[in-house]
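First up is the structure itself, then whatever we jot down about it.
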Amino acid sequence: MRYKTAPIAVAAITVTLLLVTGCGSAPTRNHSDARAQLDVDSGQIDLPLEAYAMSEQEITLVSEANALLVARCMDASGREFPRAFQDWESASVFPDRRYGLWVMAEAEANGYEVPPPADAERVSAMEEQFDDDWWESVDRCFADTELLPLMGVNTDPLVTSPVDEGMRESFESLLTAQTFTDARNDWRACVEAEGVSWDPDATVLVPQVPAPGEEHIRVATIDVSCKQNLNTVQRLADFETRQQLAFIDQREAELREYRAAVDEVLAKARSVIAEGGASS
């Protein structure tokens, strides 16, 4: 779900978890009335399992700490690492497009494009001025520095966390459910009535997207307007919420253990940030 500036957002270390399993199945509660929380202002779809993983803000915190650790390594060889001292406070939360574009403010401003973080271009321009020796030093520091793991949703391609597992299961269940078929058919009829073609090859609800420009924005606003009028995202997220709550009932001990590991990493990240980066 999420665009982070590489390579800071790639953790070099993974956490090995002790999986706790019981002899029997945990009781499943009735979650038929459960609803997902949608935050239109931030463009976030809050699903229950995400509470056990790092949030976008927490991922940014750990990324900042990792950048400072690399900066210390670079400082030891007399080199700077500008990325560590970028404006982390202004780092925007990547919009959640689990089912496609759904926030009108995004559609009207950028369509399907995602603007880079506010400080990204300035930092990239600074780094492009450095020579090959600097880049070799960066590579060495990343290899030699013990970085903190990112434990968000699907942030480590080498490790599948219990959160990743549950998020994948609920999404796969949604795609085969009548709820999804009905929501997609309703949305498709709506956009086609406005002269917009849907993309049959897309997994989620995405139209045929034109090149950036006025038509691009027009299609995006029609797409989002249909989703809003049909309550599409709420319907889909509610289904996944109920699926995930049942998963949590079965795996709660394991998920709590994972969250405890997340909190340990966050405590270390805060300590690194409090200590600061390279010496002046």
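Quick notes on this structure:
- Here the spin labels are modelled as points 7 Å beyond Cα on the Cα-Cβ line, and at D133 and E172 they lie 5.2 nm apart.
- Segment 128-280 - convex hull of alpha carbons, volume per residue in Å³: 213
- The label point for N231 and the one for Q208, both projected 7 Å from the Cα toward the Cβ, are 3.2 nm apart.
- Cubic angstrom per residue, convex hull over Cα atoms of the chain: 149
- Inter-label distance, T181 to A109: 3.9 nm, where each label sits 7 Å from its Cα along the C-beta direction.
- In plain terms, the residue of T221, T176 with the fewest other Cβ atoms within 10 Å comes first and the most crowded comes last, giving T176, T221.
- Axis angle, to the nearest 10 degrees, between helix 178-193 and the longest C-alpha principal axis of the chain: 80 degrees.
- Given their separation in residues at 0.36 nm each and the Cα-Cα distance between them, D144 and A76 gain 23.2 nm when the chain is fully extended.
- Rounded FRET efficiency, nearest 0.05, which uses the C-beta distance separating E264 from R29 and R0 of 25 Å: 0.30
- Taking segment 54-208 and dividing mean pair separation by its residue count, relative contact order in percent (alpha carbons under 8 Å, at least six apart): 27
- Per residue Cα convex hull volume in Å³ - calculated over segment 219-280: 149
- For the chain, the longest principal axis of the Cα atoms and the long axis of helix 232-275 meet at an angle of about 10 degrees.
Readers should treat all values here as calculations from the given coordinates under stated rules, not as data from a laboratory. All of these numbers come straight from a predicted model, not from anything done at the bench. Reconstructed Cβ throughout: ideal geometry from the backbone, glycine too, with neighbour counts over all protein chains shown.
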